[in-house]
1. Rounded to the nearest 20 Debye, what is the dipole magnitude of the chain about its Cα centre when Lys and Arg each give +1 and Asp and Glu each give -1 at the C-beta?
2. Estimate the FRET efficiency between Asp528 and Lys407 by the formula 1/(1 + (r/R0)^6), using the beta-carbon distance for r and 51 Å for R0, to the nearest 0.05.
3. Within segment 501-539, whose backbone N sits under 19 Å from a point 7 Å along Cα→Cβ of Lys467?
4. Measure nothing but the geometry: give the 0 to 90° angle between the long axis through the Cα atoms of 378-391 and the longest principal axis through the Cα atoms of the chain, rounded to 10°.
5. List the pairs from Lys359/Lys476; Lys290/Lys464; Lys254/Lys295; Lys359/Lys467; Lys399/Lys468; Lys359/Lys475 whose alpha-carbon separation is above 28 Å, in the order I gave them.
6. Output the relative contact order of segment 376-471, whole-number percent, from Cα pairs under 8 angstrom with separation of 6+ residues.
7. What spacing in nm lies between the two simple spin-label points modelled at Ser41 and Phe187, each 7 Å away from Cα in the Cβ direction?
8. Need one word for segment 27-180: rounded, prolate or oblate. Basis is the Cα gyration tensor (sqrt eigenvalues a ≥ b ≥ c); a/c below 1.5 gives rounded, then a/b vs b/c decides.
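The values are calculated or read from the model by the stated rules, or taken from the named source; none is laboratory data. Worth saying up front: this structure is predicted, and the values here are computed from it rather than measured. Cβ placement follows ideal geometry from the backbone for every residue including glycine, while neighbour counts extend to all protein chains displayed. Note: areas computed on protein heavy atoms with side chains; ligands, DNA, RNA excluded. Shrake-Rupley method; radii C 1.70, N 1.55, O 1.52, S 1.80 Å.
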Amino acid sequence: MINKSKAILLFISVIAMVATLYYGNVAINSNKEIIGVKVISQEAIDSLIAGKFVNQEVFHFPLLYDGNMLPYDWQTNTLYIPQNMNKIGFRGEIASDYGDLFFSDNLTFPFSGVLSNVSDMPSKNECIRDNGVFELYLINEECYVKYNVVFTGLPIISLTYDDYNDEELSWTGKMELIDPYHKDNSFVASDCSYRVRGNSTLAFDKRSYNLTLADKKQLCGLRDDEDWALVAGIGDNGYIHNKLSYDLWNKISKTNKTRVDDTVNSEFVEVFYDYNYVGLYNLTEKIDKKTCNLKNSDYLYRLEERMLDDESQIPVGDNVNPANYPIKCPNLTEQHVYSIKWPKDTTAEDHLIINNFEKAVYSIEGVDYNYATSLLNMDNIVDTRIYSNLICTIDNWQKNAFFIAPKADNYKLSEIMWDMNETFGDNDAYQFDESFITSTDMDIPYIKRLYEADSQDMSRITYKRWKKLRSSIIKKKKIKNMAKDMYDTLCNSGAMNRECAEWPELIRPEWTIDNVYNFIDGRIDFLDDYFREEYERYN
């Protein structure tokens with residue numbers, strides 16, 4: 001016989017299940033309302049618009065979502081409404097001062113070609129995932145306007161502009177964010193400027209942008225800041241490699257003894273530019289003084305590229321401070337171009353720290369291991385070695401990495417990586433490369449030089465740290481779950497379908513999430529043996 005407590009729990013469970021079904025599916029059917037707008041039959045709408053003319057001037061009839069302008073794509077006449085996929089039922093209200101709003105009971109799923117009826121619509125989250133398109137009518141006494149409406153599971157950033165500089169590829173205008181996941185900052189607006197960023201995206205119509213707000217704002221739960229990057233994800237197959245790499249490094253770095261060596265945080269968003277849907281982006285923090293918690297006496301260097309004999313990569317021009325770039329050092333096997341990102345006012349002497357590092361690790365006479373390691377924060381360097389071997393990053397060996405030298409650490413250098421799209425088996429040919437799984441040549445060049453100088457010590461401290469990380473962060477299931485959660489978010493939000501439709505030339509069909517899973521399994525198995533055998537060989 002079921003006791004009273006169990007009976008109550010069973011009753012509550014049944015009620016919860018019914019409520020979920022009701023609010024996820026039936027609420028729309030029985031209440032005939034979506035986000036504060038009545039749902040009526042197409043026949044009823046046809047009757048209401050009979051004798052009225054279609055007004056195409058939609059900008060004369062702004063629609064407000066919880067009092068804020070909605071993102072709008074003029075080419076497809078589509079309004080986009082972000083929704084929290086973790087909440088039951090559609091949230092928010094849409095309204096207009098220019099007439100009455102009605103949803104037709106017609107519902108279309110364009111990617112599957114299915115025509116449906118709101119009464120038969122699947123759950124809210126299935127509708128979001130499958131890009132269900134609703135028909136919204138604004139009707140007044142004289143005319144009517146018909147909109148398409150899409151619900152998305154990602155935050156949306158809309159960029160508009162008042163002025164454009166063709167030479168600098170920059171704009172001044174306004175940024176508006178709708179974010180259903182952060183209640184305190186669900187609607188954020190700011191005057192802004194933005195410009196095209198990165199050389200790799202210049203050849204594509206889909207561009208990455210540096211975004212500067214008029215004042216500091218917290219966006220998508222990230223830090224309070226005015227400087228942001230909107231990364232287009234070109235070359236980031238599956239769109240998860242950058243974020244997965246950043247998040248994994250931050251988990252690792254938080255467990256070492258380095259004062260600060262975290263990299264950026266980022267979140268997925270969809271972007272509109274000048275009332276055009278642009279697609280899926282990574283809203284990313286910048287690596288700067290704030291990221292690295294730097295003081296006025298600290299240094300932040302950016303590795304720009306490898307220096308050639310003629311020093312041709314060092315920028316010239318009225319806006320370039322020569323003191324921000326190094327002078328070529330003699331008697332080195334190779335040297336790199338670094339810019340100084342902090343402090344702002346620099347002299348040639350401010351390159352002394354990074355030049356001493358280059359001389360120590362790239363001297364043609366070989367590496368003085370004790371001296372070289374005295375210039376480096378070795379807790380960070382060992383983690384960097386493990387990390388670069390784990391994710392197989394090769395794109396950052398000669399560029400796009402940052403080094404910090406805090407005074408509090410006696411100016412010892414720590415590395416912070418950036419721009420991590422070619423990772424987890426994706427190479428510059430935009431296809432998964434299984435040879436990376438068993439590659440023994442994944443050490444960053446300066447770390448390789450350290451290893452060759454003292455294989456005994458480097459193998460010892462690497463293996464010790466590897467075993468500790470394997471017991472906590474570097475677990476196959478944990479990292480695969482990180483990748484799965486990100487990929488599921490992109491697919492379930494509907495953004496991946498829209499991205500593939502908007503930019504088919506950027507999609508590499510040979511990429512699959514299973515390739516990433518297989519890489520993680522195989523690479524961790526390989527490194528278990530590799531680091532152990534390396535340690536046993538030299539110790």
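1. With only Lys, Arg, Asp and Glu charged at Cβ, the dipole is about 2600 debye.
2. 0.85
3. Flagged as within label range: 524-539.
4. Long axis of 378-391 versus the principal axis of the chain: about 50 degrees.
5. Lys359/Lys476; Lys290/Lys464; Lys359/Lys467; Lys399/Lys468; Lys359/Lys475
6. Relative contact order, segment 376-471: 32 percent.
7. So the two model labels end up 3.6 nm from each other.
8. Oblate is the answer for segment 27-180, as a/c is 1.5 or above yet b/c matches or exceeds a/b.
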